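Okay, structure first, notes after.
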Amino acid sequence: MAGLRMGEGILRRKPIEHIEETEATGDTALERTLGLWQLTAIGVGGIIGAGIFTLAGTVAHGVAGPAVVLSFLIAGVASATAALSYAEFAGLIPKAGSSYTYGYVVLGEFAGWFIGWDLLLEYTAIVAVVAIGISGYFGFLVEQLGADLPDWLQGAPGSGPGHRVDLIASVLCLLIAWLLNLGTRSAARFETVVVVLKVLVVLLVVGVGMFHIDSANYRPFFPFGIGGAFTGAATVFFAVFGYDALSTAAEESKDAQRHVPKAIIYSLVISMVLYVAACLVLTGMQSYRAIDSESGFSSAFAAVGLSGLANVIAVGAIIGILTVMFTFMLAVTRVWFAMSRDGLLPAWFAKTHATRHVPTRVTWIVGCASAVLAGFVPIGEAAELTNIGILLAFVVVCSAVIVLRYRQPDLPRTFRTPGMPFVPALGVVFSIWLITFLAWQTWVRFAVWFAIGVVIYFSYSYKHSRLAGR
C-alpha cells in the first residue's frame, strides 16, 4: 500500500483549472511589470548571441560552408516546433517556472521536478559559459588597445599557461545578479536598450556587408555535402532557443495570456531573419575556407579593408552576448523560485524583496554559483553541462501539450499549437535526434546530477510539496 501511495504521490498534478488561486501574495509574489516588447526583447536577448558572432563562422568554416544558412533554417524549423508548444502553454498557464510548471500540471510532480532540477544546472551553466565567452572577447579588445592582462586572471586553471581564475567572467556573473536584483522593471529596461543596440549592430553588419558580397564565394554551396548542413543544424540548434527562458517570466507580464505567446513567436522570427541575413553576408564576403572560425565577421570586414568596423563588431559581440547572460539568469532564478513556492525546495528561497518584488536570495545564489563555474571551470567542461537539459525540457513540453489537448480540449487557450499532434510530435523527434549527438560525458554528468535530485526529492520534496496535504 505504501508503494501504491508513493506512486500516486509522484503523479499528483497541479490543478490547472484553479492555478490562479495558487498565486502567491505578500513576500512570495512577483510584480507584473513587463509589456509585450520587453518580453520580446528578453527572448531576442536570449536567442541572439554567440550564434551570430561566433558559431556562424565556426560552422561555415569547418562543417557546412555556405550551406550554413540552411543549417540555421533547419535548426529554426526544429526549434519552432517546440516554440509553438511553449506558446500554447504560456497562454494557458501564465505562471513562473516555464517547462517545470507545464510538466507539473500535465505529467505530474516527479516529471515537473525532473525538468526543474535539471534546468537549475543547465541555465546556470549557460550563464557561466557565456560569461567566459565575453571574457575572451574582452581580452582580445584589450590586446588591440596595446595593453596586456596578467595571465593568472585570464582563465580557469587548465585553460592556458599560468591561468588561475577567469576574473572578468566571474565579475560579469555577479554584475548580472546585481542588475536583476534592482527589480524586474529596471532590469528589463536595461535589457531592452542593450537588445536594440545588438540588433542595430547586426543590421549594420548586414547593411554594409551586402555591398561586399562576391557570389563566387557561394560556390560550391555544399562543400561538405548535404549532410554537412544537417550536422551544422545540430550544432547551431543551441543558438536558436531562448524563448523557453522568456516563458519563465510569464508571471511578471502585465498580460501574460496574450503577450507571452506573441513574444515567443516574435522573438524567434526576428532572430531567424537576422541569422539568415547575417549568414548570407558572411559566406558571401569570404570563401568559407578563409572565414575565421572564432571571429568570423571581424575577420571578414578586416579582409575587405574595414578594420574600424571590425572593432565595432567585436564590441557589438560583447554587448550581444551579455544579454544572453541576463535572459538565462532570469530564467534559472524563476524556475528555482517556482519550485520553492510549490514546496519542492525550502520556502526560504521563495521570499521576494519587500519593495522590488524579485527573488533576491536565489538570484545572489545563482550569481555566486555561476561566478564560481565561470572563474574556475574551463569553458569546454562548462559547456558540456548546457545541452541535454534543454532538449529534455523540449521533449516534456511537446509531449505535454499533446496530452493536455486530448485530456482537456475545452480549456480556454489564447494560442493553439497548429498541426496538432504532428507539430509537437516533430518537436519531440527533433529533440531526441539532437540528443544523440551529445557526448557520453554529458550523459554521465547528467546522471550524477539527476541522482542527487532523486535523493533530494524523496528525502525532502515529496513530503513538503504543497500538494502533499491535499
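The values are calculated or read from the model by the stated rules, or taken from the named source; none is laboratory data. Since the structure is predicted, the reported quantities are computational estimates derived from the model, not experimental observations. With ideal geometry, Cβ positions are generated from the backbone for all residues, glycine too; neighbour counts draw on all protein chains shown.
Observations on the structure shown:
- Scanning the stretch 198-224 for residues being touching a Ser or Thr at 6+ places or on another chain (Cβ under 9 Å) and either in a helix (DSSP H, G or I) or at positive phi (or both) gives a total of 4.
- Residue, surrounded by the fewest Cβ atoms within 10 Å (Cβ to Cβ), within the stretch 308-333, restricted to residues that are farther than 18 Å from Asn181 by Cα and not aliphatic (A, V, I, L, M): Gly308
- Filter pass, Val127 being at pLDDT below 75 and in a helix (DSSP H, G or I): no
- Summed over the stretch 333-379, the residues that are among the hydroxyl-bearing types (Ser, Thr, Tyr), within 16 Å of Tyr123 (Cβ to Cβ) and touching a residue at least 60 places away in the same chain (Cβ under 8 Å) give a count of 3.
- The residue pairs whose first member lies in the stretch 209-232 and is farther than 15 Å from Val304 by Cα, whose second member is surrounded by fewer than 16 Cβ atoms within 10 Å (Cβ to Cβ) and modelled with pLDDT of 90 or more, and whose beta carbons are closer than 8 Å, counting only pairs six or more residues apart or on different chains, are Gly228/Phe222; Ala229/Phe222.
- Lone qualifier among Ser215, Ser253, Ser247 - being touching a His at 6+ places or on another chain (Cβ under 8 Å), modelled with pLDDT of 85 or more and of a type outside the set (Val, Ile, Thr): Ser253
- Options Ala147, Ala187, Ala177; residue that is in a helix (DSSP H, G or I) and either in contact with a Ser or Thr (Cβ under 7 Å, 6 or more places away or on another chain) or at pLDDT below 75 (or both): Ala177
- All positions within the stretch 329-359 that are under 21 Å from Lys14 (Cβ atoms) and β-branched (Val, Ile, Thr): Val332, Thr333, Val335, Thr352
- Qualifying positions in the stretch 297-332 - outside any helix (DSSP H, G or I) and without any contact (Cβ under 8 Å) to a residue 12 or more places away in the chain: Gly305
- Among helices (runs of 4 or more DSSP H) entirely within the stretch 355-468, having at least 3 residues that are at pLDDT 90 or above singles out 360-376, 388-407, 422-435, 440-456.
- Gly343 meets the conditions (1) small (Gly, Ala, Ser); (2) on the phi > 0 side of the Ramachandran plot; (3) in contact with a strand residue (DSSP E or B) (Cβ under 8 Å, 6 or more places away or on another chain) in every case but one. The failed one is (3).
- Some residue of the stretch 334-348 being surrounded by 24 or more Cβ atoms within 10 Å (Cβ to Cβ) and hydroxyl-bearing (Ser, Thr, Tyr): no
- Unmet requirement for His61, which otherwise passes all of (1) touching a helix residue (DSSP H, G or I) at 6+ places or on another chain (Cβ under 7 Å); (2) assigned to a helix (DSSP H, G or I): (1)
- Check on Ala96, modelled with pLDDT under 90 and not in a helix (DSSP H, G or I): yes
- Candidate set: the stretch 236-253, residues that are among the polar types (S, T, N, Q) and under 13 Å from the mean Cα position of the chain (by Cα); chosen: the one surrounded by the fewest Cβ atoms within 10 Å (Cβ to Cβ): Thr248
The rows are residues; the columns are (1) out of contact with any helix residue (DSSP H, G or I) (no Cβ under 7 Å at 6 or more places or on another chain); (2) closer than 22 Å to Gly296 by Cβ.
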| site | (1), (2) |
| --- | --- |
| Ser170 | no, no |
| Arg189 | yes, no |
| Leu200 | yes, yes |
| Phe222 | no, yes |
| Ala233 | no, yes |
| Val236 | no, yes |
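- Residue in the stretch 286-304 that is buried (at least 19 other Cβ atoms within 10 Å of the Cβ), at pLDDT below 90 and within 22 Å of the chain's Cα centre (by Cα) present: yes
- Test result for Glu122, over 19 Å from Ala82 (Cβ atoms) and out of contact with any strand residue (DSSP E or B) (no Cβ under 9 Å at 6 or more places or on another chain): no
- Subset of the stretch 427-452 that is under 19 Å from Asp244 (Cβ atoms) and small (Gly, Ala, Ser) - its residue that is surrounded by the most Cβ atoms within 10 Å (Cβ to Cβ): Gly427
- Remark: Tyr275 matches the filter, which requires a residue to be part of a helix (DSSP H, G or I), touching a residue at least 60 places away in the same chain (Cβ under 8 Å) and hydroxyl-bearing (Ser, Thr, Tyr).
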